[in-house]
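Have a look at the structure below before the remarks.
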Amino acid sequence: MAVEAKMIDIIVEQLSVDKEKVVPAASFVDDLGADSLDLVELIMAMEEEFDVEIPDEEAEKITTVQNAIDFVAKIQE
Amino acid sequence: MKRRVVVTGIGLVTPLGTGTDKTWDNLIHGRGGIGPITRFDASGHASQIAAEVKDFSAADWFEKKQVKNLDLFVQYAIAAAELAWKDSGLSVTDENRERIGVITGCGMGGLPTIEEYHQVLMEKGPRKITPFFIPRVIPNMPSGHISMRLGSKGPNLTQTTACAAGTHAVGEAFRHIAYGDCDVAVTGGTESVICPLAVGGFSAMKALSTRNDDPATASRPFDVDRDGFVISEGSGMLILEELETARKRGARIYAEIIGYGQTSDAYHIAAPPEDGEGGARCMAMALRDARVAAESVDYINAHGTSTPLNDRCETLAIKTVFQEHASKLAISSTKSMTGHMLGAAGGIESAFTALTLHTGIIPPTINLHNPAPECDLDYVPLTAREANPEVAISNSFGFGGTNGVVVMKKFSE
């Protein structure tokens, strides 16, 4: 739960979107208006916040809010 | 036959205020915008003063997400361009969008962001550099963003000729319209580098005033006690328009641009030649282009930086070009109030020159209490003058020995 709440905050901050829109199924590009550069910056913010390193090939798979939460939760296990 | 080009819009973001009315009102009342540097702790610097833009609120212009990816020099440029566009009354349509160009000038680009991310690079490594670093710092981003916001699809260029950049932008825009490459251009200059590297760098060249105890009188062009320029920031944008296009829609016309000159000193990286010959040839070239006699010029908005060298050499250059007429025309340095806006200066000063012709009021050179012996022309000291000038020129000279001059005329059919 802690990961999810933090992740939503990061997404709201980085993409300047309303919190209500940041639902698990939301796609960063299609639903939250991110472009490719926004995605890179979003991944960097996740790395900073959760103190993890996300390799590019993993980052490419993170396309929705749920993907991001799952990835960080898994890496922290 | 070249087409005629007129100024139909002006937008200003300066240390004298955001908006043309505010800046112009302060300018003609001799109120300057210089104070202690607040952007960073300048206590270790030789020069600790600047003219900072004080009333600009990014939230008035941009969404939150946009702000963090736009350097101040880009923000100022977009705001000034939108003010100018609104002022012109033009609208972008599918019929005209490919005929609208954007040609701006900028001396340095996003130096504050370069400073910030150099530190990130050193402390945290290359993986921590934001993907927005490059789009934030490259000097042509103002022109790019302005075209994206307007939806204008004509020529898109940027001049990076140091302190002459704004004037070269206006001159090039004038030429693009005259030669038919576009019918309308958003043009001018922008800059925002009140940061440790720029202040330290200009200080190392002994270019900046160190009158830290009295910032309001630090910019004193042509005065015997001048000791350097005062760093400043902001943006000045103009809408230039082909005369027939402007006429057809009944546009308000501030002035007509009639000539443009550009020369090199081929002399030194920073200093002008002692006789100011590069500047002189530039003024002469601009007057030839304008097909007006030197005697018909009533007003010069001088480069007038307040450095010992510029003001002496510019005065000599004016005497070379205008001969006996040099002592009859009015000259002023608006940098006495705005400070030196570097790449933005030519945009701002082109706007001031157009406003001078439009209103008939010549802004003063403030702080000019004791003209230097080698500066013996009429610099409109201390107070503005109502004079109704017909023809005016605006001078800009940049490091690297590059010069730019535009000639404007009070509009008449």
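The values are calculated or read from the model by the stated rules, or taken from the named source; none is laboratory data. Remember, predicted model here, so these are calculated numbers, not experimental data. Here the Cβ is made from the backbone with ideal geometry for all residues, glycine too, and neighbour counts use every protein chain on show. The area values use the complete protein model at the heavy-atom level, side chains included, leaving out ligands, DNA and RNA. Shrake-Rupley method; radii C 1.70, N 1.55, O 1.52, S 1.80 Å.
Descriptive notes on the structure:
- Once the stretch B:350-396 is narrowed to residues that are part of a loop (DSSP other than H, G, I, E, B) and among the acidic types (Asp, Glu), the residue that is farthest from residue B:219 (Cα to Cα) is B:390.
- Scope the stretch A:19-50; condition loosely packed, with under 12 Cβ neighbours inside 10 Å and more than 24 Å from residue B:66 (Cβ to Cβ); matching residues: A:25
- Annotation note: of B:80, B:50, the sole residue that is more than 14 Å from chain A (Cβ to nearest Cβ), open to solvent by less than 60 Å² (accessible area, probe 1.4 Å), in a helix (DSSP H, G or I) and at pLDDT 95 or above is B:80.
- Some residue of the stretch A:51-63 being within 14 Å of chain B (Cβ to nearest Cβ), over 19 Å from residue B:127 (Cα atoms) and either open to solvent by 30 Å² or more (accessible area, probe 1.4 Å) or not in a helix (DSSP H, G or I) (or both): no
- Test for residue B:104: is it modelled with pLDDT of 95 or more, β-branched (Val, Ile, Thr) and open to solvent by less than 10 Å² (accessible area, probe 1.4 Å): yes
- Candidates B:86, B:65 - the one that is open to solvent by 40 Å² or more (accessible area, probe 1.4 Å), assigned to a helix (DSSP H, G or I) and within 14 Å of chain A (Cβ to nearest Cβ): B:65
- Exactly one residue among B:172, B:191 is out of contact with any Lys or Arg (no Cβ under 9 Å at 6 or more places or on another chain), away from chain A (no Cβ under 14 Å), open to solvent by 30 Å² or more (accessible area, probe 1.4 Å) and not hydrophobic (A, V, I, L, M, F, W, C), and that residue is B:172.
- When residues of the stretch B:1-47 are limited to those that are of a type in the set (Ser, Thr, Tyr) and not in a strand (DSSP E or B), the one surrounded by the most Cβ atoms within 10 Å (Cβ to Cβ): B:23
- Which listed residue is assigned to a helix (DSSP H, G or I), surrounded by fewer than 16 Cβ atoms within 10 Å (Cβ to Cβ), away from chain B (no Cβ under 14 Å) and touching a helix residue (DSSP H, G or I) at 6+ places or on another chain (Cβ under 7 Å), from A:68, A:73: A:73
- Among (1) closer than 30 Å to residue B:350 by Cα; (2) within 14 Å of chain A (Cβ to nearest Cβ); (3) among the hydrophobic types (A, V, I, L, M, F, W, C) - the single one residue B:114 does not satisfy: (2)
- Verdict on residue B:135 being part of a loop (DSSP other than H, G, I, E, B), surrounded by fewer than 22 Cβ atoms within 10 Å (Cβ to Cβ) and within 14 Å of chain A (Cβ to nearest Cβ): no
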